[in-house]
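A quick write-up on the structure given underneath.
The values are calculated or read from the model by the stated rules, or taken from the named source; none is laboratory data. Predicted, not measured: the structure shown is a model, and the values here were computed from it. All Cβ positions, even for glycine, are placed from backbone atoms using ideal geometry, and neighbour counts span all protein chains on display. The area values use the complete protein model at the heavy-atom level, side chains included, leaving out ligands, DNA and RNA. Shrake-Rupley method; radii C 1.70, N 1.55, O 1.52, S 1.80 Å.
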Amino acid sequence: MRCLVVGGAGFVGTAACKELMRRGVETVAAGRTPRPYGTFTSFVPFDRTDQAMLAGALGQVRPDVVLDLAAYQPSHVLAVLDAFRGERYVFVSTGVYPDLHGRPARERDFLPLEGPVPFEPLAYREGKRWCETVLARSGDFPWAVVRPPAVLGAEDHTLRIAAYLQRLEDGGPLLVPEETYERPAGLAWVRDVGYACALACDLRRPAAGPYNVSFDRVSLRDLLEASGRALARPVTTVPVPYAELPEGASPYGPDPARSAGYDLTRTRAELGFEPSALEDALPETLAWYLARRPSHPGYAGRARELELARRATRRGPAE
C-alpha cells in the first residue's frame, strides 16, 4: 500500500508517518517543510492551496490512501475530492463538537453544517467543521475522519504542555479551573494520534466516518499529578473560576462549556484503537522539555498568577 501524507513533516504528521512505516506502508510525505528521510520513504514538496500542484502530486505518487493533516478550509477538501482517485481519504480534524457542558463527546454529537459552503477564509475550528461537512455531502467518496482534541508530546509547537511543566518546576501553585480540572479533559498523546491515523488508513479495515482519539478519562489533575511525580516536584493547585483564569495560565482548559473528554467506544470497536496510559506518554515529552526548555508565552504573566493564587488561598473555599 502507498500512502501520501499531506502535512507529513509536522508534529502529528511525523508520528503518523512513523507508524505507517512501522506497518510496512510505503509512506510519501507532502508539504512545504521537508524533513530528513527515515520518517517517510520520500518527500514531495508542494503548496496544497495550489490545486494544480495538488493534482500533480497525486498524479506523481498515485497513492492508495491520502492522509490529510493539513486541510482546514473546505476548499482544501474539495480540491482532493476533485483530484483523488485512490481507495480512501483520511482527514484529520479537531474538536468540532458543539458545547456539551460536561458530557463526553460522541462522534454523532457533531452534525454537518447547513447552507452553502463558504469560500472565504475561516477560523481553524470552523474550517474543520466545514471540511467535515463537505465530506458528509460527498456521496460515495470513500472517507474517514480522525478527531483528536489537544495533542501533547515532544516537539509540540503550541507549547501548551510546557506551560504546566514550567509552573511545576518553579515550585509555585498552579491555577486551575475549579469547575473542570477533575473531570476528563480533551487530551491525546501525539503517538496515539499517529497510531489512530495509521489504523484509519489500513484498507483491510472498513473504516468510514468519524473516529475520536484521546486518552481515556484523563483529567487535568491527573496530568499535573503524574507530571509532578515524574519531575519529583510537589504539585499545588489553586482552583479558581474558569472565567477568572488569566490568559495562558491553563492552556488545556478545560472550558466548562466544552465536553468532558471523548467517548472512544466507536474507535475501539471499529479501528481496534486502545489509548496509551498517561504514564507511558510522559517520559518522552518530559525528556524533550528538559533538553529544550521551551517557554510558553503565557508564562510571562506568572507574577500575576501567583498574586491571584495568594488572594484565592486567603479567601478560602467558603468565600
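Summary table below
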{"read-out": "Rounded to 10°, Cα long-axis angle of helix 74-83 versus longest principal axis of the chain", "value": "30 degrees"}
{"read-out": "Degrees separating the helix 220-231 axis from the principal Cα axis of the chain, which is the longest one", "value": "80 degrees"}
{"read-out": "Estimated [θ] at 222 nm from DSSP helical runs (n ≥ 4, -39500 (n - 2.57)) normalised by residues in the chain, nearest 500", "value": "-11500 deg cm²/dmol"}
{"read-out": "Shape category assigned to the stretch 236-319 from the gyration tensor of Cα positions, a/c cut at 1.5", "value": "oblate"}
{"read-out": "The chain: angle of helix 278-292 to the longest principal axis, Cα-based, in degrees nearest 10", "value": "80 degrees"}
{"read-out": "Under 15 Å from the Ala136 label point (7 Å along Cα→beta-carbon), backbone N, the stretch 186-224", "value": "209-212"}
{"read-out": "Where the stretch 186-319 is the region considered: accessible area per residue in Å², 1.4 Å probe", "value": "48 Å²"}
{"read-out": "Reported label for calculated Cα Rg over 2.2 N^0.38 Å given (i) 2.80; (ii) 1.22; (iii) 1.04", "value": "(iii)"}
{"read-out": "Area of Thr236 that stays accessible when all protein chains are in place (1.4 Å probe, Å², to 10)", "value": "70 Å²"}
{"read-out": "Alpha carbon centroid spacing (whole Å) that separates the stretch 94-162 from the stretch 228-271", "value": "19 Å"}
{"read-out": "Full-extension gain in nm, Phe119 to Asp216, via 0.36 nm per residue minus C-alpha separation", "value": "31.3 nm"}
{"read-out": "GNM top mover of Ser93, Ser138, Ser219 - the chain, alpha-carbon springs below 10 Å", "value": "Ser138"}
{"read-out": "Amide H within-cut-off set for Thr237, under 5 Å, with H built and near neighbours excluded", "value": "Leu174"}
{"read-out": "Cα shape, the stretch 102-146, gyration tensor, a/c 1.5 rule", "value": "oblate"}
